[in-house]
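*Asks:* Please read through the structure below; I'll follow up with questions.
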Amino acid sequence: MHDLLLQVIFYIFSGLTIASALMVVTQNNPVRCVLFLVLAFLCSSVLWLLVEAEFLALILVLVYVGAVMTLFLFVVMMLNIDIESMRTHFMRYLPYGLILVALLTWLMMCALPHDLFHTAVSESGIALATAAVNQPNTAAIGMVLYTDYVLAFELAAVILLVAIVSAIMLVHRKPIRSKQQNIVQQIMTRRDDRVTLLAMKAEK
Amino acid sequence: MSILQCCLIIVLAPLVGCVVAGFFRKQVGRMGAHSVTIAGVGISFILSLYVACVVLSGSMPTLDTNLYTWASGGELFSYSFHLGFRIDALASVMMVIVTFVSLLVHVYSIGYMADDDGYQRFFSYISLFTFMMLMLVTANNFLQLFFGWEGVGLVSYLLIGFWYQKESANLGSMKAFIVNRVGDFGFILGIALVFSYAGSLHFETVFRSAELIAKEHMTLFPGHSWSVMTVMCLLLFVGAMGKSAQVPLHVWLPESMEGPTPISALIHAATMVTAGVFMVARISPLIELSNTALSVIVVVGATGALFTGILALVMNDIKRVIAYSTLSQLGYMMVAMGASAYSAGIFHLLTHACFKALLFLAAGSVILGMHHEQDMRKMGGLWRKMPITYVTFLLGSLALCAIPPFSGFYSKDTIIEAAKLSTIPGSGYAYFCVLIGAMVTALYSFRAFFMTFHGQPRMDKDTLAHVHESPWVVWLPLVLLAIPSVILGYVLYMPMLFNHPTLLSSSIFVLPEHNVLEEMAREVVSPLQAFGHAFLSPVFWLTMFGIVLAWIGYIVWPSSPLFFAKRLGWLYRLLLNKYGFDAFNDFVLVRGVKALGRVFYRIMDQKIIDGFFVNGTGRTIRWLALKTRVIQSGYLYHYITAMVFGLFGFLCWLLLAQ
Amino acid sequence: MIPVTNYLILTSILFGLSLAGILLNRRNVILLLVCIELMLLAVNTNFVAFSHYHGGHAGEIFVFFILTVAAAEAAIGLAIVLLLYRNRGNINVNKMNHLKG
């Protein structure tokens, strides 16, 4: 029963993920694209829960969907995007795209021998994970993160800092109508910039 | 001083004259130019007389020394090229002739070229020619001979085209040079063959190994084996054909009359054209061993002797007549060579040099007197106005026609006898040709004589009033040449041809079965006796018949030539066209080469090399770039597609390549 | 339990779809960034599945960091999109061929 439930959930949610990914790719309206992406993430998060990665699943929803996708929506709505129907173009190149995808998928299938993963997910590596199974996922990650991978953790922080700085730097604009004085420019003026003498005929 | 030093001075003195007159034109002026060159050639003449006396008296052996090694190979090619002299009887005789005629021409040119701008250049050139010719005759190896050979060809080109502003002069000089070149091509092949079979270019070495070479055979065309000696001699003879204007390479000599008359006398009568004859005499040890070569020489010479002589009958330019006469006499010399009567050929060369130069210079004197008019139809009755020229021209003509006791008789008669006695194939034909040629010679030379000096004056009144004898610088060489034309034959008859040993016997090799002079020597006693026997031979009567015909045709019945020309119109036209040789050359060779050049230019050069290779590579690269440019579209999705394909390929390789 | 192959098939389909989305995109740059996020999602799912299969937590740590970097990259990418819009007035991918030549 338990297994069957897992299977059903898995198939439903993976089906939803794939469907929403398909929708992402084929929508005209960019807002809809982003919204379908959000759906994909949510379904994915459920799938991750099935693999006993609760922490990551919830982080996915909180951080990714909550922050990054919101950002996407902000930008999408800020920009005045032409919504043109590119159905014809899309239809023309669709076969090529599908062939490419099929090829890649087949390649990946070839990479895996048939009998590689006969054992179910949970039946292997149990000896290693006996101690870890009893801890909740968060604690387990925490145990490893701050001891073995602390350097990577610090670096990740630096990366985030860099991202913030660069994002602001890129988009920052100077105020256009500022009335601040530029002393250097004021001192370096020449007479010719300010005064022009004209010779004009006297009017009668 | 030693003979060797004498020879060095003989050869180099004209060169010094040439350099001074040529490069220091302004410094020495006209007087200086002719003085220096005449001094140079004069010294050469005196010294060569001395050398000839020493050598011909038999008191010294042949001098054969190498003076200077100008190139030598190392391990790969262990032969050394030398500069050296070979002074034997033949060379010394030739030296005397060359310097004598050259000296007289130098003196003559003072008068002839007096009012020409290129005075110093002329003297420089004729001195250069003398130097080259002397190098040729004193050479002791084939390459030095070839150097002199080419040198005289070059100077001939320079001198024929002396008046270079004249179009015809330029064409004539180029024709001479190019036809000569054809002969030189054969000559060089012959020299190469000599070198490859004898291993050396030195005359002595080659002559010693002549017997060995004669035994060898080579295949020129598959299936036909030729004797090496025959091929070698034939190729060397091709060179002689070019230089000595044998048929069919004779076409350049008439056009060479575009040059000033002194050089026609020097180059195209006495010296350059005889270089071929000299060379054939030089290689007599080789030619004697090849009957085929001898036959070819005799036939070619005979053909030239008769047929070019016939052409002289229809020429109206006085110099052309004498030019064709030279061609005919060169044919006689070659007949002598082919009949193995080398001494007779050289003897005829000697006498011919004297009387032909005399004829040319006398013609030059006439032309000078007639203010550069050369057409005989406009002359006539000059014998009263130019007596010295008249007498010397007459003496020259008598010598040319081989009237006894003038010099031409002794040499030409010997040749005709030799042709009769010779046994090689073709000598019968040669005898026939030289016999008829004697009559033809008399006919054309007296035709020229009568037309020029006798009969009614046909020129305009003005010229007639101004005609006078030429200055002494012009008639002195004529007189000096007339003397040997008269007596040289008588004097040298026995020593040159029939004494034991003959003057040239040390330089010439004759096989016993070919030795016709030996046969003739049994009956000949003295020149006087030969003189007496002359009146019994058919040659003399044929000659008299020719003179009588000329007298009838041009004095008694002046309209008869025109009558015959109309009746035998086809023959007349054939002769005027010179048997079609020039037409053939122009049509086949000149046009052929021009067409070939055009093909090479238009198709090879322009289309293939320029269009296909040079421009084509550019165009191809541009086309490639055009096609490749499409890849750089600027669109991100194209680039990503490319990346994905690359990734896909890489993964395929990685995963599936086990 | 669910075999790993199922997850692999799922992620490969997701990856392929997002790749198709990038290649077939002629409309706007936002879609490009969205497809990148989708690709990252696929990869993350893969990592998580394998992490569970092998029992250790390395995969999950990896996902943690990938999430971080993905967020940073999304932020900067959107800033660039804004600049593009500011300078060009549109964000049509078809009109961005300034690399041509």
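No value in this document is a laboratory result; all are computed from the given coordinates. These numbers were taken from a predicted model, which means no experiment stands behind them. Reconstructed Cβ throughout: ideal geometry from the backbone, glycine too, with neighbour counts over all protein chains shown.
*Asks:* Would you work out which of B:98, C:77, B:537 lies farthest towards the positive end of the dipole of the protein assembly as shown? Charges go on Cβ: Lys and Arg +1, Asp and Glu -1.
*Replies:* Result: C:77, furthest along the dipole toward the positive end.
*Asks:* What does the extension gain come out to for residue B:642 and residue B:605, with contour length at 0.36 nm per residue minus their alpha carbon separation? Write down the numbers at each step before the final one.
*Replies:* Details: separation 37, 0.36 × 37 = 13.32 nm, distance 4.40 nm.
Contour length minus Cα-Cα distance gives 8.9 nm.
*Asks:* Please compute the contact order of chain B in relative form: average sequence separation of alpha-carbon pairs under 8 Å and at least six residues apart, divided by the residue count, as a percent.
*Replies:* Numbers: 1060 pairs, mean separation 75.5, N = 658.
Dividing the mean separation by the residue count of chain B yields 11 percent.
*Asks:* Distance from a point 7 Å along Cα→Cβ of residue B:625 to each backbone N in the range C:68-101: keep the residues under 18 Å and list them by number.
*Replies:* It comes to C:100-101, nothing else.
*Asks:* State the Kirkwood hydrodynamic radius of the range B:480-606 in Å, one decimal place, computed from all pairs of distinct Cα atoms.
*Replies:* Kirkwood radius, the range B:480-606: 20.9 Å.
*Asks:* Could I ask something else about it? If one computes the Cα centroid of the range B:103-118 and of the range C:72-101, what distance in Å separates the two points?
*Replies:* 96 Å
*Asks:* Using only atoms on other chains, find how many Cβ atoms lie within 10 Å of each Cβ of peptide C:42-52 and report the average.
*Replies:* 5
*Asks:* From the square roots a ≥ b ≥ c of the eigenvalues of the alpha-carbon gyration tensor of the range B:426-511, which class results: rounded (a/c under 1.5), prolate (a/b over b/c), or oblate? Write out the running numbers ahead of the final one.
*Replies:* Numbers: a/c = 4.26, a/b = 1.73, b/c = 2.46.
Because a/c hits 1.5 or more and a/b fails to exceed b/c, the range B:426-511 counts as oblate.
*Asks:* Given B:26/B:166; B:175/B:356; B:26/B:175; B:319/B:385; B:385/B:412; A:174/C:95, which pairs have Cα atoms separated by over 30 Å?
*Replies:* Details: B:26/B:166 25 Å; B:175/B:356 23 Å; B:26/B:175 32 Å; B:319/B:385 20 Å; B:385/B:412 32 Å; A:174/C:95 28 Å.
Distance filter (> 30 Å) returns B:26/B:175; B:385/B:412.
*Asks:* Roughly how many debye, to the nearest 20, is the charge dipole of chain C about its Cα centre, given +1 on each Lys and Arg Cβ, -1 on each Asp and Glu Cβ, and no other charges?
*Replies:* Numbers: 6 positive and 3 negative charges, 139 e Å.
For this selection, approximately 660 debye.
*Asks:* Right, here's the next one. Shape verdict for the range B:358-430, please, from the Cα gyration tensor: rounded (a/c under 1.5), prolate (a/b greater than b/c) or oblate. Mind showing how you got there, number by number?
*Replies:* Values: a/c = 4.13, a/b = 2.49, b/c = 1.66.
Note, shape of the range B:358-430 comes out prolate.
*Asks:* In terms of Cα to Cα distance under 14 Å, which aspartates and glutamates are near enough to residue B:243, apart from those fewer than 8 places away along the same chain?
*Replies:* Partners found: B:150, B:184.
*Asks:* What's the extension gain from residue B:566 to residue B:531 if we count 0.36 nm per residue and subtract their Cα-Cα distance? Walk me through the numbers on the way to the answer.
*Replies:* On the way: separation 35, 0.36 × 35 = 12.60 nm, distance 4.04 nm.
Length difference between fully extended and current span is 8.6 nm.
*Asks:* Can you order the peptides B:142-152, B:332-342, B:623-633 by their average number of other Cβ atoms within 10 Å per residue, highest first?
*Replies:* Numbers: B:142-152: 21.6, B:332-342: 31.8, B:623-633: 10.1.
Highest-to-lowest ranking by the protection proxy: B:332-342, B:142-152, B:623-633.
*Asks:* Right, something else. If you count, for every residue in B:621-633, the Cβ atoms of partner chains within 10 Å of its Cβ, what is the mean? Write out the running numbers ahead of the final one.
*Replies:* Details: counts 0, 0, 0, 0, 0, 0, 0, 0, 2, 0, 0, 4, 4.
Per residue, the number of nearby Cβ atoms from other chains is 1 on average.
*Asks:* Using only the Cα atoms of the range C:4-95, build the gyration tensor, take square roots of its eigenvalues as a ≥ b ≥ c, and label the shape rounded, prolate or oblate: rounded if a/c is under 1.5, else prolate if a/b is larger than b/c, else oblate. Kindly include the intermediate steps, with their values, before the conclusion.
*Replies:* On the way: a/c = 7.06, a/b = 1.89, b/c = 3.73.
The shape class here is oblate.
*Asks:* In the range B:315-458, how does Rg compare with the Kirkwood Rh, expressed as the Rg/Rh ratio over alpha carbon atoms? Walk me through the numbers on the way to the answer.
*Replies:* Numbers: Rg = 16.0 Å, Rh = 15.5 Å.
In the range B:315-458, Rg relative to Rh is 1.03.
*Asks:* State the Cα centre-to-centre distance between the range B:581-658 and the range B:205-265 in whole Å.
*Replies:* Cα centroid to Cα centroid, the span is 50 Å.
*Asks:* Using the Cα atoms of the range B:1-139 to build a convex hull, what is its mean projected area in square nanometres?
*Replies:* The directionally averaged projection comes out at 9.8 nm².
*Asks:* Now a separate question. Enter the angle in degrees (range 0 to 90, nearest 10) between the Cα long axis of helix C:4-23 and the first principal axis of the Cα atoms of chain C, meaning the one along which they spread out most.
*Replies:* 0 degrees
*Asks:* Go ahead and set up a Gaussian network model of chain C, Cα springs under 10 Å, then flag whichever of C:68, C:45, C:11 fluctuates most.
*Replies:* So, out of C:68, C:45, C:11, the one fluctuating most is C:68.
*Asks:* What is the spread of the Cα atoms of chain B along each of their three principal axes, largest first, in whole Å?
*Replies:* The principal-axis extents, from largest down, are 118, 64, 59 Å.
*Asks:* Answer with one residue from B:296, A:188, A:162: the one whose Cα lies farthest towards the positive end of the charge dipole of the protein assembly as shown, charges on Cβ with Lys, Arg +1 and Asp, Glu -1.
*Replies:* A:188
*Asks:* Where nothing but the Cβ of Lys and Arg (+1) and of Asp and Glu (-1) is charged, how large is the charge dipole of the range A:1-107 around its Cα centre, in debye to the nearest 20?
*Replies:* On the way: 3 positive and 5 negative charges, 73 e Å.
In debye, rounded to 20, the range A:1-107 gives about 340.
*Asks:* Right, here's the next one. Does anyone have the angle between helix C:29-54 and the longest principal axis of chain C? Alpha-carbon axes, 0 to 90°, nearest 10?
*Replies:* Taking the Cα atoms of chain C, the angle to C:29-54 is about 10 degrees.
*Asks:* Relative to the Cα centre, what is the charge dipole magnitude of chain B, using +1 at the beta carbon of each Lys and Arg, -1 at the beta carbon of each Asp and Glu, and rounding to the nearest 20 debye? Mind showing how you got there, number by number?
*Replies:* Numbers: 38 positive and 31 negative charges, 409 e Å.
The dipole of chain B has a size of about 1960 debye.
*Asks:* I've got another one for you. At 10 °C and a viscosity of 1.306 mPa s, what translational diffusion coefficient does Stokes-Einstein give for the protein assembly as shown, taking Rh as the Kirkwood radius over Cα pairs? Give it in µm²/s as a whole number. Present the calculation step by step, with values, prior to reporting the outcome.
*Replies:* Working: Rh = 37.8 Å.
Here the translational diffusion coefficient equals 42 µm²/s.
*Asks:* Considering the options B:126, B:113, B:74, tell which one lies farthest towards the positive end of the dipole of the range B:1-139, charges being +1 on Lys and Arg and -1 on Asp and Glu at the Cβ, about the Cα centre.
*Replies:* B:113
*Asks:* Cα axis of helix B:119-137 to longest principal axis of chain B: angle in degrees, 0 to 90, nearest 10?
*Replies:* Relative to chain B, helix B:119-137 is tipped by roughly 90 degrees.
*Asks:* Still on this structure: Computed from the mean reciprocal separation of all distinct C-alpha pairs, what Kirkwood hydrodynamic radius does the range B:560-641 have, in Å?
*Replies:* Working: mean 1/r = 0.0534 Å⁻¹.
Its Kirkwood hydrodynamic radius stands at 18.7 Å.
*Asks:* Calculate, axis by axis, the spread of Cα positions in the range A:8-82 along the three principal axes, and write the results as whole Å, longest axis first.
*Replies:* Computed over the Cα atoms, the extents are 42, 24, 10 Å.
*Asks:* Measuring from the lowest to the highest alpha carbon on each principal axis, how far does the range B:141-289 reach, largest first, in angstroms?
*Replies:* 53, 33, 20
*Asks:* Please average, across the residues of A:101-111, the number of beta carbons from any other chain that are within 10 Å of each residue's own beta carbon, and give a whole number. Spell out each step's value before the answer.
*Replies:* Numbers: counts 10, 2, 6, 10, 6, 1, 8, 9, 4, 4, 6.
Rounded to a whole number, the mean comes out at 6.
*Asks:* For B:115, B:462, what's the fewest-to-most ordering of other Cβ within 10 Å of each Cβ?
*Replies:* Values: B:115 6, B:462 9.
With the sparsest Cβ surroundings first, the list reads B:115, B:462.
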